[in-house]
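Comments concern the structure below.
The values are calculated or read from the model by the stated rules, or taken from the named source; none is laboratory data. Just so you know, these numbers come straight off a predicted model, no measurement behind them. Here the Cβ positions follow ideal geometry from the backbone for every residue, glycine too, while neighbour counts run over all protein chains shown. Just so you know, the surface numbers come from the protein's heavy atoms only, side chains and all, with ligands and any DNA or RNA stripped out. Shrake-Rupley method; radii C 1.70, N 1.55, O 1.52, S 1.80 Å.
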Amino acid sequence: DLLTSYLKRPLIQRVVISSAVGLSLWALQGFVFGYLEARWLTYVYLTVTFALWFKANGSFFKKPKQNLFRFNYLNAGIIVAGVVANLSAVWFIGVKKAEGLYFCCRGVPDAIYHLALTNQIVKNFPPYEPGLVGVHVKNYHFLSNLVAAEFIRVFHLPLAATQFQFLSLALAILLGLSAFSLGQILNLKKSFSRWLAVFLYASGDILFLLFAFTGKGINMNIQMLDDATKLLAGPPRAFSIVLFMSGLSLFLIWIQKRDVKTSLLTALVFGSLIGFKVYTGIFALIGFAALGIYFLAKKDLKMITAPAFLLFTSLALYIPINRGAGGLVYNGLWRFHDFIASDQIGLFKRELARQIFLEDKKYLKVAYFEITAITLYFLTVFGTTLIGIFQTPKSLRLFPKEFNIFLLSGLATSVVLGSLFIQKTGSTNSV
């Protein structure tokens, strides 16, 4: 909030932007002080910044607060409903009961690993791999665990509650607020922010329609991807998506102001994403690379600051942990073939037919089955999320050109990488 106070934004935007910058800084101070073997500097960091913040905002606490909490009840209702839906996936993870810890209701093996990893970071930095004596964590993004660990270490908070209750609640609220902050900055109708918040909280696949169509009845339990309500079950992705959405508000202000300070703060937030979730970080890198080319073509060298600093931040976080990650491996159309051949989907005969036509060199028939598989995959697996892709020239003009370049370049490249490649160390997670 100290660093972003010069922007003088309304309350919701101020909370969203300062939270994005603050979470990034909280992770980075833990990362830097940890490698310096001087984790005690966190107490200095907190003491100095809080003292400066209180000095700058002391008068705020003396003013009447009658207008501070005025809000739109429909907007608040969307956030409350979204928070409840999202927390249902994680609220009962690691709850203490008389007979021990209770884990419910999503991703229990991952939850246990994240608790163990966070606990490791509380005790050691760099952290040791849970279950492997003397082996440091490599080829994994653990800034989300570091954020939780720093709160636990500094304020002596409970492990499971901090990871899956306290921080999950904060992230769920911030996710909804980010939608309304974006709408305000873009000066769009309230319906834009409301629908965006609904999709952030509740978008999902429509596989159940495919099951119904193939005569398997309505089955809501089989998923190829987590829907939006399961976002919080994976701390790395949850932190990265919330930071990404919150950072977009700062991104838009940077495009408007075109100043160096805002460009550095924007690059700080988006550059840190590579340490929270590598795939979200790659999206940001691609988008800013496209912007860098755009600004160079326009000879607008002042705007190159953000892409350059983002690349520096990303590499500084990525190289120490992930330099041996191995990269991506081209896998052709395997993902779509595997989808159609799945026992759950029940369309394996179509994949057998495709292989027979391929052996007979009947390539038009092969193309038909390929296109059908790809279409069914995208329509059903990505489901309601696809609604956001269908834009018109009029709707695209509602956004600044730089905003479209950033999002569309990241989207187009990610679709190719996520569809045709797998990662050596992450396998099909690249989806």
Rounded accessible area of Y318 (nearest 10 Å², 1.4 Å probe): 70
Filter the chain for me: DSSP H helices, axial length by Cα at least 30 angstrom, mean Kyte-Doolittle hydropathy not below -1.0. List them by residue number. 11-35, 235-257
So, R0 is 45 Å and r is the distance between the beta-carbons of H156 and N187; what FRET efficiency does that work out to, to 0.05? 0.50
Return the distance in nm (one decimal) between the two label points of a simple spin-label model at L169 and A116, each offset 7 Å from Cα along Cα→Cβ. 2.9
For segment 327-381, what is the convex hull (Cα atoms) projected area averaged across all directions, in square nanometres? 4.3
Taking Cα atoms only, Rg over Rh for segment 161-211 with Rh from the Kirkwood formula is 1.15
So how exposed is L3, as accessible area in Å² (1.4 Å probe, rounded to 10)? 80
Once the principal axes of the Cα atoms of segment 226-330 are found, what is the range along each, listed largest first in whole angstroms? 41, 31, 25
Sites K123 and I222, calculated FRET efficiency, Cβ-Cβ separation with R0 45 Å, nearest 0.05: 0.70
Cα-based Kirkwood hydrodynamic radius, segment 2-144, one decimal, Å: 19.1
Amide H contacts under 5 Å for I93, restricted to residues at least 5 apart in sequence or on another chain and with H modeled in the peptide plane, are C104
May I ask you to compute the full-extension gain from L333 to Y368, defined as 0.36 nm times their residue separation minus their alpha-carbon distance, rounded to one decimal in nm? 11.2 nm
Convex hull over the alpha-carbon atoms of segment 139-272: what's its volume per residue in Å³? 158
Could you give me the percent of Cα pairs per 10 Å distance bin for the chain, shortest bin first, beginning at zero and ending with the bin that holds the maximum distance? 4, 18, 29, 27, 15, 5, 1, 0, 0
Counting only protein heavy atoms and using a 1.4 Å probe, what share of the accessible area of segment 1-143 belongs to carbon plus sulfur, as a whole percent? 67
Alpha carbon centroid spacing (whole Å) that separates segment 256-323 from segment 151-170: 29
Rg/Rh for segment 325-431 to two decimals, with Rh computed the Kirkwood way over all alpha-carbon pairs. 1.06
Taking the highest mean first, how do the peptides 386-393, 241-248 order by number of other beta carbon atoms within 10 angstrom per residue? 241-248, 386-393
Rounded if a/c under 1.5, otherwise prolate or oblate - segment 74-225, Cα gyration tensor axes: oblate
Förster radius 25 Å - calculated FRET efficiency between S342 and K96 (Cβ-Cβ, nearest 0.05): 0.05
Mind jotting down the three principal axis lengths of segment 1-65 based on Cα atoms? Whole angstrom, largest first. 44, 21, 17
How much accessible area per residue does segment 214-370 have, in Å², with a 1.4 Å probe? 47
State the extension gain, in nm to one decimal, for the chain segment bounded by Q355 and V431, taking 0.36 nm per residue of separation less the distance between their alpha-carbons. 25.0 nm
For Y140, Y368, the accessible-area ranking with a 1.4 Å probe, largest leading, is Y368, Y140
Rough spin-label spacing in nm, given labels placed 7 Å along Cα→Cβ, for L396 and A85: 2.9
